[in-house]
Structure formats: structure tokens, C-alpha cells
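Undergrad: Sending over a structure as C-alpha cells; questions will come in a sec.
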Amino acid sequence: MNFVDIILDKRYGRALSDEQIDFFIKSVTDKTVPDYQVSALLMAIVLNGMDDREMTTLTMKMASSGEMNDLSFVDGIAVDKHSTGGVGDKITPIVLPLCATFGVPGVKLSGRGLGFTGGTVDKFESVKGFNVQVSQEDFPKYLEKSGMVISGQTPSLAPADKILYALRDVTGTVDSIPLIASSIMSKKIAGGAQAIVLDVTCGSGAFMKTEEDARKLASAMIRIGNLAGRKTVAVITNMDEPLGKAVGNVLEMQEVHEVLLGRGSSDVVEVACALASRMITLAGKNDGMSIESLEEECKKRIQDGTVLAKYYELIISQGGNILPSGAPEYVEKPFEDIRVPATQDGYIKGIQADVIGKASVMLGAGRLTKEDKIDYGAGICFYRKVGDKVKRGDVICSLYRGESVTPDDEKLFDAMEMISDAITYSSEIVEPTKAVIDVLD
Ligand code: URA
């Protein structure tokens, strides 16, 4: 087979055969094709798209380009959850124990943060002692202990996707529904998921800026999931403003604890319950309850401490430390450096999530390159959200760094300015943002 013919077929808008896609992914994985030819094919896919069969074949070939996790030891249906990325997204540490209270086995492979979106692995690592490098052979041991296990993705998971993603990043070919959908679904399938619940974010802090694009991405992933024999449901959620109050690793884990003490922001609780109720249903653990009743039951279990008890089990099972006060011990203490005041009277109209994400990276909470070290204590904590009435001078948020980290005033003031500019006001009443926009299945 000739790679140039594959490029030409896609350039002229023809569907690629399964054999051509197999050759493409094998050549990428074995590194027998130069980057310039792969880049040309990626660009042709961006411009001319792929049909459902092509996307599904691409997904399955990328999934099987490395090790496929075998979760057959799991007693029940292994349901995975995936977010297409956001700012302040601390849903996994809530949803995993929440689902476990219904007997849903929780096996979660997560990534580290890169760019302005955070990573679940970094968040769990901010709990002192928590081990995120669990080998697959040890999963059953952890599942027996707490019913849950969370681990970092290994390099052998869908290696073709890793190579392609790195190329897409530098060739202007990230932004393509077939490429994003197959990239995400390949990792879920390689991870062993038998059913998948997707949190497809939309807004300034998400890949998909508009609801229309988020719907297109969600339905592409659902079609791939169904063709690949994995029941898939997508919840479309708002990422125009950060989710909840905190952005940054320790700060977000502190917020998770607050949520599980029954004192969480309503948007976080709403998104967590929308996702969990679908995961519980797909796992067949809904006990005949409708989605609406399940969502209510999820809220109740968050409120009454049932989920907190499970969360402690997860933390302890993976070596994390819980203090006598009941709070997890963190690797760093967030130190409040500076506050951002409202610049006018009125209602908060917008808090642009992507800018907040970038400011938090500037403060040290995230990475620009994979090699960057993060400050676990750094980040931003919001006291006001979209729709809140404020007076000029009211504190909207505080900026933090780790107590042991040397302050960098220049970065701090740059971040403060960015954040202040990212907040807009209106003299008219503004409705709070709707956290869950729709559910597609
Ligand atoms: N997340 C992924 O895993 N892949 C993409 O292509 C985009 C977001």
C-alpha cells in the first residue's frame, strides 16, 4: 500500500477503506512513515472529514496500537467517564466514590494536566501519600479494598494516538471532530471500558466553543461507541465560566471535600449527579430507579455524608493520609497572595474560563510543557459566580501559591490583571449559568 494514495484519496474527499486506515495507524505506530506525510493526511481529514465507519475503524486501530486493558476480572460492567476538558473540573474525585456507593466498580485511568485544563492525576497527587501509579495487575486488589482504583495512563495505552496528538498540536490539526472523537474514544476503549459516559464541555474553557459543535462532537462519539459495541451517553455541560469555586490542585481537592461535606457549589453537584446517574444506569445498578430519582438519590448521598465515607476509603486504599480533623492531608498549603476586586457595581456577566485557566497556569498550577513542575498549592478561588450581584471593591476571587514556594510578583500581577480583564459586568440582572445543558444518548 502506498501512503501517498491514502493522502490523495482523503484529499479528494473519498472514504478510506479499513485496510488503508489500518496501514495508516500501523505506519504511525512503527514510525515507518515520515511526519510530513502523516501531517498531510491529518490536514486532509480536517478538511474533508470522515464517515462513521472510518471514525470507528480509526478509533479501534488506535486503541489496539498498544496494550488493551483487560477488565474482565471486574465483577459487573466497567463504566468509564471522560471529560473533554475544562477549568476547575473536579468531577472525577466526586463521581468515583458516588458511583461506588451504588456498587458500581470504579476503574479510572486518568491523565495529567497540560495547557490550561487540569488533570485528575495531579489533583489526586496533591493528597499526601496518594499513589497514582497502580499497575494493572494490582487493580483487583484495590477494587476489593474500596471498590475503586484510579491510576495514571501508561505510555503503552493507545501509543498511535500519542504520536498523532503531538503532530496535530504543531500542525493546526487538533480542531477536527473525527480526530478528537477517535482520539478520546480510542483511549477509553484501550482502557477496557464496557460502557462510557462523556462529559462534553462547551464554552470558552472547552475545546468546543459553541453548543452546536459540542453536540456534533458528542453525537460523533456516541456513534463510534455504539458501532464499537460500547453503550455511550454524553452529557453536555457548560464551560463558559470555571466549574465550582476553585481552580488549582490542592484548592480543587479542598473543594471536593467541601462538596462531600454537603457544602458544595450547586453547579459541581449538578454535573456530578447528572454524570453519576447515567454511569449507575449503564452499569445496571439503578435498581429500577428513573434517572430523575437517581439524580435525587445521588444528591442525598452527597449531602448526608455517604459519599464522603467512600471517598475516605478511596484515599486510604491508595495510601493517602486523612488528618484527625477529617480533612485529607495535602502536599502543599495554599497561601493567599492577593485578592481581585470587582471593578464596578452590577451583576457578574461572565468569567472567561480559558483566561482563568491560563492565569492559573501562570500562577504555577498547570504545565505548558510535559516537563514543567507544578505548584500544587497554586490557583484561584472564586467567591462570586456569574449572576451574582456585586459592589465595586467586593472580592471576586483570591490568588494562591504554595506556602513553600517563592513568590514571583511579576507573574502574580500579570495573572491578576488577566483575571480582572476576564470578568465582565452588567447593570441588568444576569441569570446564573446552567451547568448541565443537555444529555444525548
Ligand atoms: N482530548 C483528547 O484526548 N484528544 C483530542 O484530540 C482532544 C482532546
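Undergrad: Please state the shape class of the stretch 311-357: rounded when a/c is under 1.5, otherwise prolate if a/b exceeds b/c and oblate if not, all from the C-alpha gyration tensor.
TA: Verdict is prolate for the stretch 311-357.
Undergrad: Work out, step by step, the length gained on full extension between Lys141 and Ala166: first 0.36 nm times the residue separation, then minus their alpha carbon distance; give nm to one decimal.
TA: Residue separation times 0.36 nm, minus the Cα-Cα distance, leaves 5.6 nm.
Undergrad: Shifting gears a bit: Skipping prolines and chain starts, which residues have an amide H placed within reach, meaning under 5 Å, of the one on Val149, given they are 5 or more residues away or on another chain?
TA: Placed amide hydrogens put Gly106, Val107, Lys108 under 5 Å from Val149.
Undergrad: Still on this structure, I have one more. Set Lys and Arg Cβ to +1 and Asp and Glu Cβ to -1, take the dipole of the stretch 335-441 about its Cα centre, and tell me which of Ala415, Ile351, Pro432 lies farthest positive.
TA: The Cα lying farthest towards the positive end belongs to Pro432.
Undergrad: For the stretch 349-441, which GluC sites (Glu not before Pro) pass both filters: DSSP loop (anything but H, G, I, E, B) and at most 15 other C-beta atoms within 10 Å?
TA: Here the GluC sites (Glu not before Pro) that fit, given the DSSP loop and packing criteria, are Glu371, Glu403, Glu428.
Undergrad: Just to be sure I understand the model, the point goes 7 Å from the Cα along the line to the Cβ. What's the resulting Arg14 to Glu431 distance in nm?
TA: 5.0
Undergrad: Determine the share of the stretch 340-441's accessible area contributed by carbon and sulfur atoms, expressed in whole percent, with a 1.4 angstrom probe.
TA: Result for the stretch 340-441: 49 percent of the exposed heavy-atom area is carbon or sulfur.
Undergrad: Where only protein heavy atoms count, and the probe is 1.4 Å, what is the accessible area per residue for the chain in Å²?
TA: Per-residue accessible area for the chain comes out at 41 Å².
Undergrad: Rank these by accessible area, largest first, 1.4 Å probe: Lys370, Lys162, Lys10.
TA: So, going from the largest accessible area down, we get Lys370, Lys162, Lys10.
Undergrad: Cβ neighbours within 10 Å, averaged per peptide: list 196-206, 18-28 in order, most packed at the top.
TA: Result, highest mean Cβ count within 10 Å first: 196-206, 18-28.
Undergrad: Please give the length that would be gained between Asp5 and Lys370 if that part of the chain were fully extended, namely 0.36 nm times their separation in residues minus their C-alpha to C-alpha distance (nm, one decimal).
TA: So the chain would gain 127.9 nm between Asp5 and Lys370.
Undergrad: State the percentage of accessible surface on the stretch 134-288 attributable to carbon and sulfur atoms; use a 1.4 Å probe and exclude ligands, DNA and RNA.
TA: Percent of accessible area from carbon and sulfur atoms in the stretch 134-288: 51.
Undergrad: For n ≥ 4 DSSP H runs only, could you compute -39500 (n - 2.57) per run for the chain, divide by its residues and tell me the 222 nm figure to the nearest 500?
TA: Counting only the DSSP helices, I get -13500 deg cm²/dmol.
Undergrad: Is the shape of the stretch 217-341 best called rounded, prolate or oblate, per the rule: a/c under 1.5 gives rounded, else a/b larger than b/c gives prolate, else oblate, with a ≥ b ≥ c the square roots of the Cα gyration tensor eigenvalues?
TA: prolate
Undergrad: Aspartates and glutamates near Lys90 by alpha-carbon distance under 15 Å, same-chain residues fewer than 8 away left out - which ones?
TA: Counting by Cα, and skipping residues close in sequence, Lys90 has these aspartates and glutamates nearby: Asp122, Glu125, Asp199, Glu241, Glu252, Glu255, Glu258, Asp267, Glu270.
Undergrad: Sum up the lysine pairs in the stretch 190-336 that clear both bars: alpha-carbon distance under 20 Å and a spacing of 8 or more or different chains.
TA: 9
Undergrad: Using +1 at the Cβ of each Lys and Arg and -1 at the Cβ of each Asp and Glu in the chain, identify which of Gly86, Met1, Phe124 lies farthest towards the dipole's positive end.
TA: Ranked along the dipole, the leading option is Met1.
Undergrad: Oh, and also: In the chain, with Lys and Arg counted as +1 and Asp and Glu as -1 at Cβ, which of these residues, Pro34, Ser110, Pro140, has the Cα nearest the positive end of the dipole, that is, farthest along it?
TA: Pro140
Undergrad: Ok, one more. In the chain, which cysteines lack any other cysteine Cβ under 4.7 Å from their own?
TA: Cys99, Cys202, Cys381, Cys397
The values are calculated or read from the model by the stated rules, or taken from the named source; none is laboratory data. Only a predicted model underlies this, so the values are computations on that prediction, with no experimental measurement involved. Positions of Cβ are generated from backbone atoms using ideal geometry, with glycine treated the same way; all protein chains shown enter the neighbour counts. For accessibility, only protein heavy atoms count, side chains too; no ligands or nucleic acids. Shrake-Rupley method; radii C 1.70, N 1.55, O 1.52, S 1.80 Å.
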